[in-house]
Amino acid sequence: MVKILKLKNLLFAAAAVILVAVLSVSAYYTNAYAVYFGKTPRLVPIYSVETEEKKVSISFDCAWGVEHTDEILNALRVGNVKATWFMVEFWAEKYPDYVKKIDGAGHEIGTHSSTHSYMSKQNSEEIKLELSSSSEAIKSVTGKDVNLFRPPYGDYDDELIKTASEQGYYSIQWDCDSLDWKDLSASDIAMRVINSVKNGSIILMHNNGLHTAEAVPIILETLKNRGYTFVPIGELIYKDNYTIDGTGRQIQAK
């Protein structure tokens, strides 16, 4: 009986060690899947990039208006920073001069869909149409192919990410949310970004936030003083041979 109790204790201790080991690993990765223990695999976009370099990307979603866009472009020019701009089709069609101006300044352009809908509610064919139509609207002005896509509202499901990938798009989210669309003050917007940025971060801003243009120079100067450099998202992310963890952090496969 004593031997049986000892054996049970040993088995219990071994099980506890295994459980701790499992819990310490949040996910393992394969391609763009984040595969959780005991859960169904889920496709996730790129929220940030694992890198030892102090480099980040700043991005602007374009869906409503242009009133503050010139001021943002000027701040980026003065700071010698190239950003990534995600444009909705109806915005690109309404403001082709700004599409041309942004492209002409050397910035990168991605699609933010055709209709700015909740695309997780769409089927594969509807998604393909959103992507192709919006990308063509941009290419008709710039002459350049589009391979970056940001889902409207940050809303996505497996079907959206899978379809976008099959169509040749990298789906991009963010890990640094400025919340500039809430019309926060310039200092509040800047501090939200500055306090949360890390190597490989993707910063979310909007081209027509009320105080976005005032916050951009603060962000650029402060992060540069801390040793960060800014690159477009297309230069930040890995294009192949990568995995994505459960937080959306893209990791170069070894």
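The values are calculated or read from the model by the stated rules, or taken from the named source; none is laboratory data. Treat the numbers as computed from the prediction; the structure is a model and nothing was measured. Neighbour counts are summed over all protein chains in view; Cβ atoms, including those assigned to glycine, are modelled from backbone coordinates with ideal geometry. What goes into the accessible areas is simple: the full protein's heavy atoms, side chains included, and nothing from ligands, DNA or RNA. Shrake-Rupley method; radii C 1.70, N 1.55, O 1.52, S 1.80 Å.
Starting from region 229-244, keep only residues that are closer than 10 Å to residue 49 by Cβ, then list their pairs with residues that are acidic (Asp, Glu) and open to solvent by less than 50 Å² (accessible area, probe 1.4 Å) whose Cβ atoms are within a distance under 7 Å, requiring at least 6 positions of separation or different chains. Close Cβ pairs satisfying both conditions: 233/108.
Taken together, 120, 57 contain a single residue that is open to solvent by less than 20 Å² (accessible area, probe 1.4 Å) and either in contact (Cβ under 8 Å) with a residue 12 or more places away in the chain or on the phi > 0 side of the Ramachandran plot (or both), which is 57. Considering region 125-155, the residues that are among the hydroxyl-bearing types (Ser, Thr, Tyr) and open to solvent by 30 Å² or more (accessible area, probe 1.4 Å) include one that is farthest from residue 99 (Cα to Cα), namely 153. Annotation note: Cβ proximity below 8 Å between a residue of region 159-174 that is within 18 Å of residue 246 (Cβ to Cβ) and a residue that is open to solvent by 50 Å² or more (accessible area, probe 1.4 Å) and at pLDDT 95 or above (sequence gap 6+ or interchain) occurs for 171/165; 173/47; 174/47. Test residue 221 against the criterion of being closer than 24 Å to residue 87 by Cβ, acidic (Asp, Glu) and modelled with pLDDT of 95 or more, and give yes or no. Judged against the criteria, residue 221 is not a match.
Of a type in the set (D, E, K, R) and under 28 Å from residue 229 (Cβ atoms) - does that describe any residue in region 123-137?
no
A single entry from 103, 158 fulfils the requirement of being open to solvent by 10 Å² or more (accessible area, probe 1.4 Å), modelled with pLDDT of 95 or more and touching a Pro at 6+ places or on another chain (Cβ under 9 Å): 158. Considered as a group, the residues in region 30-77 that are of a type in the set (Ser, Thr, Tyr) and not in a strand (DSSP E or B) include one that is modelled with the lowest pLDDT, and that residue is 36.
Among the residues of region 198-214, which ones are more than 19 Å from residue 153 (Cα to Cα) and either free of Cβ contacts under 8 Å to residues at least 24 places away in the same chain or within 13 Å of the chain's Cα centre (by Cα) (or both)? Break it down into steps so the answer makes sense when it comes.
Start the filter on region 198-214 by keeping residues that are more than 19 Å from residue 153 (Cα to Cα), which leaves 198-200, 211, 213-214.
Matches in region 198-214: 200 only.
For region 78-96, a residue qualifies if it is part of a helix (DSSP H, G or I) and either without any contact (Cβ under 8 Å) to a residue 40 or more places away in the chain or hydrophobic (A, V, I, L, M, F, W, C) (or both), and the qualifying residues are 78, 90, 91, 92, 94. Please find, among 227, 234, 168, the residue that is over 28 Å from residue 125 (Cα atoms) and not in a strand (DSSP E or B). One residue alone meets the criteria, 227.
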